[in-house]
1. Tally the residues that are of a type in the set (D, E, K, R) and within 21 Å of residue 310 (Cα to Cα), restricting the search to region 106-152.
2. Return the residues of region 94-110 that are open to solvent by 40 Å² or more (accessible area, probe 1.4 Å), away from the ligand (no atom under 16 Å from the Cβ) and in contact (Cβ under 8 Å) with a residue 12 or more places away in the chain; say none if nothing qualifies.
3. Taking region 74-93 on its own, how many of its residues are open to solvent by less than 20 Å² (accessible area, probe 1.4 Å), outside any helix (DSSP H, G or I) and either among the small types (Gly, Ala, Ser) or away from the ligand (no atom under 11 Å from the Cβ) (or both)?
4. Go through region 234-244 and count every residue that is open to solvent by 30 Å² or more (accessible area, probe 1.4 Å) and either among the acidic types (Asp, Glu) or within 16 Å of the ligand (Cβ to nearest atom) (or both).
5. Taking the condition touching a residue at least 24 places away in the same chain (Cβ under 8 Å) and closer than 18 Å to residue 18 by Cβ, does residue 392 pass?
6. Report whether or not residue 69 is open to solvent by 10 Å² or more (accessible area, probe 1.4 Å), in the same structural domain as residue 243 (by TED's automatic domain parsing), at pLDDT 95 or above and more than 16 Å from the ligand (Cβ to nearest atom).
7. Take region 165-179 and flag every residue that is touching a Leu at 6+ places or on another chain (Cβ under 9 Å) and away from the ligand (no atom under 16 Å from the Cβ).
8. Could you please find all residues in region 208-228 being away from the ligand (no atom under 13 Å from the Cβ) and under 14 Å from the mean Cα position of the chain (by Cα)?
Amino acid sequence: MFGKDDGGGVSGAATAEPPLVYLDHASTTPLRPDVVEAMAPFADRRFGNASGSHRLARDARAALEDAREQVAASLGAQPAEIVFTSGGTEADNLAVLGTLGAAERREQPYVVVCSAIEHAAVLAPARAAARRHVCLELASVDADGVVDVDRLAELLSDDTVLVSVMLANNEVGTVQPISDVADAVHQRSPQAVLHTDAVQAAPWLDVAELAGGCDLISVSAHKLGGPKGTGALVVRRGTRLEPILHGGGQEQERRSGTNDVAGAVGLAAALVLAGAERDAEAARVSALRDRLADGLLAAVPGTVESATRRRVLPGHCHLRIRGVEQEELLVLLDDEGVCASAGSACASGALEPSHVLTAMGVGPDEARGAVRFTLGHTSSEEDVDRALAVVPVAVAKLRGDDLGA
Ligand code: PLP
């Protein structure tokens, strides 16, 4: 399991490593060479602190502001509306806690409405706030994992301060009807702030167009060929937000901390590249995904796709395979060089059924065999061929099927 190299090397004649097949792009993506190139000077001679005043500092600030303009243009925002963060988690936390922190003082509890399938970076701060004068309502989803906008609308009232619905789900990949959500919020709770977590959607969808009605938008660089630990929150003009990090007052007092200029430059480069290649990559990758999904459905009896394919992101293939335990299957696949995931990051390692599958009405027994294959910018026909060769054999092994001679 350990000690695999990047797929090109061989550690010894008798122990040749299997080819590496990376099918976990929703977890993170390899850095794109153009992004590395754009960032390199800031890891070297352009090292100034963007908050300073001498020439090196001014150089760093100029690069930071160029990056801000590019990020803003990619996300349909103004440069002044971009707050650079340390990634998607911080952007989501800032959206939730910053909105609650800025809400008017009042007697009744504030109401926060989230979809039941939000990432933990939204749900956990909302739950933490729910212990302090906040009532958290979860909007249900259908069997595909798409939020039910009529049911969500019923939860909205004059007391709602924040609504958070992701643009696309990280686990099963379903795209959410965010403009319908925006219409419902503007009609029933015009005072509420609408946040969308576009972390998974950004590589594939036109966030500027789809999230035009949202007040807050989170993105993260490492999901689109950029560096880890860098992201942004779009904060539309007029949206009240209290900082969660206090200090030097960077980012117009909304996020203190010395700016990660290299990271901001990397995020900007990654977003610009993704935007330029979006249509061609969506077509290329969804064709690969379709071949993988169709091949596995045909070769592995007792397998279902977790969500209707036309409703999910181009790179997502989330399957439920009867008669296997996801962790055992993932180990066997890893042994063969195929990197996939269970779909939900479970830091504790506890085998709790995923909250996303549970919200979709999937029972714990069926959730056990859930596996997520996610393709991306490095995925190739060879990756799909290899996965189609490896996965059916691994499943048969776990089921104790006779594999023949
Ligand atoms: N939101 C979603 C939908 C995600 O998929 C992730 C990461 O998996 C995050 C937020 C957290 O982003 P980051 O890893 O940049 O903190």
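1. Taking region 106-152 first, the residues of a type in the set (D, E, K, R) are 106-107, 118, 127, 131-132, 137, 142, 144, 148, 150-151.
After this cut, where a residue has to be within 21 Å of residue 310 (Cα to Cα) as well, the list is 118, 142, 144, 148.
Of the residues in region 106-152, 4 are of a type in the set (D, E, K, R) and within 21 Å of residue 310 (Cα to Cα).
2. 108, 109
3. Result for region 74-93: 5.
4. Qualifying residue count, region 234-244: 2.
5. yes
6. On the way: open to solvent by 10 Å² or more (accessible area, probe 1.4 Å): yes; in the same structural domain as residue 243 (by TED's automatic domain parsing): yes; at pLDDT 95 or above: yes; more than 16 Å from the ligand (Cβ to nearest atom): yes.
Yes; evaluated as a whole, the condition is true for this residue.
7. Residue satisfying the conditions is 179 alone.
8. 225
The values are calculated or read from the model by the stated rules, or taken from the named source; none is laboratory data. Keep in mind it's a predicted model, so treat the numbers as computed, not measured. Note that each Cβ is placed from the backbone with ideal geometry, even for glycine, and that neighbours are counted across all protein chains shown. The area values use the complete protein model at the heavy-atom level, side chains included, leaving out ligands, DNA and RNA. Shrake-Rupley method; radii C 1.70, N 1.55, O 1.52, S 1.80 Å.
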